[in-house]
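First the structure, in the form of C-alpha cells, and then the observations on it.
Bear in mind that the values in this text are calculations on the coordinates, not laboratory data. None of these values were measured; they are calculated from a predicted model. Ideal geometry is used to build each Cβ from the backbone, glycine not excepted, and the neighbour counts take in all protein chains shown.
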Amino acid sequence: MMYSQSMKKAVSSAQSCIDMCCSQQNIAVVSAQYISDLSEFLDILDPSGIDFTKKGFFSGMKIKKYWEIFSRYYTSVTTLVQKLKQSRIVTENTLTTLRNEQESYRSKLEEFLSLETEEADSEYLAQKSIALNLNSVLDNTVSEYSVLSERIKNITEITSDVFENAVLIARVNYQINIITDRISLPVGNPDVDSFKRGFEKLSHLCV
C-alpha cells in the first residue's frame with residue numbers, strides 16, 4: 001500500500017484552512033482584544049458598590065458621579081459592542097468555511113483509512129499518522145470557533161440589555177440623559193436589580 005496523493009491534497013487543503021484561522025490577525029485574536037477592552041470598561045463602570053436605593057446628600061452625590069462616569073464611557077462601550085457584532089459575523093463565516101472543510105476532510109480520511117491492509121507500508125502509516133493528527137486539530141479548531149461565536153453572541157446580547165436598562169434607570173429614576181437622541185432611547189421599566197445582576201454576569205463572561 002502506497003502513499004495517497006488524494007489524501008495529500010486533503011491534508012494540504014485542511015492545513016491551509018487552519019493556518020488562515022490561526023494567523024496573527026485572525027478574528028479570534030481580534031475578538032479577544034475587543035473583549036479585553038470591554039472588560040476594562042466594565043471594571044470602571046461596575047455598579048456593585050453603588051446603593052441606588054439610598055437617600056441623602058452624599059449618597060445622591062455618589063450616584064450622580066457614577067452616572068457621569070457611565071455617560072463618559074457609554075459611547076466607547078456601544079462602539080465595542082458593534083465591533084463585536086461584526087466580529088461574530090466574520091466568526092460565523094469562518095466557522096462555515098471550517099465546517100465545510102471538516103466535512104470534506106472527513107470524507108477523504110474515511111476513504112483513505114478504508115484502504116488500509118495488513119501489508120500497509122511505512123509511507124502509508126506515516127501519512128496515516130499525519131492525517132489523523134490533522135483531523136484532531138481541525139476538530140479542535142471548529143470547536144474553538146463554535147465556542148467563540150456563542151461567547152460573542154452572549155456578550156453582545158447581555159451588554160445591549162444591561163446598558164439599555166442603565167439608560168432607563170438614569171433617565172427615569174435620576175433625570176439624567178445618557179442618550180440625547182430621542183429616537184435611540186430605549187423603552188420599558190428600569191430595573192436596578194436586573195442591571196446589577198446582568199452587569200455581574202457580563203463581567204464573568206468577559207474574563
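Which FRET efficiency value, to the nearest 0.05, do you get for Y3 and S143 by plugging their Cβ-Cβ distance into 1/(1 + (r/R0)^6) with R0 = 25 Å?
Rounded to the nearest 0.05, the efficiency is 0.25.
Screening the chain for whole DSSP H helices of 15 Å or more along their axis (Cα) with average Kyte-Doolittle hydropathy at least 0.0 returns 27-45, 122-168. Gain on full extension, evaluated as 0.36 nm per residue between T97 and A126 minus their Cα-Cα distance, stands at 7.7 nm. Our helix-only sum for the chain, with -39,500 (n - 2.57) per DSSP H run of n ≥ 4 divided by its residues, gives a mean residue ellipticity at 222 nm of -27000 deg cm²/dmol. Between the residues S146, I18, L132, the greatest Cα displacement towards the positive end of the dipole of the chain, with unit charges on the Cβ of Lys, Arg, Asp and Glu, is found for S146. For the chain, modelled as a Gaussian network with Cα springs under 10 Å, which listed residue fluctuates most, Y124, Y66, Y34? Result: Y124 has the largest fluctuation of those listed.
The charge dipole of the chain, taken about its Cα centre with unit charges on the Cβ of Lys, Arg, Asp and Glu (plus for the first two, minus for the last two), comes to roughly 1400 debye. In the structure shown, the pairs K65/K201; K54/K85; K85/K196 are assessed against 31 Å; a Cα-Cα span above that value is assigned to K54/K85. The range 74-119 and the range 141-170 have Cα centres separated by 21 Å.
The order of the peptides 16-22, 52-58 by mean Cβ neighbours within 10 Å, most packed first, is 16-22, 52-58.
Compared with the direct C-alpha span, the chain from M20 to V207 gains 64.7 nm at full extension, assuming 0.36 nm per residue.
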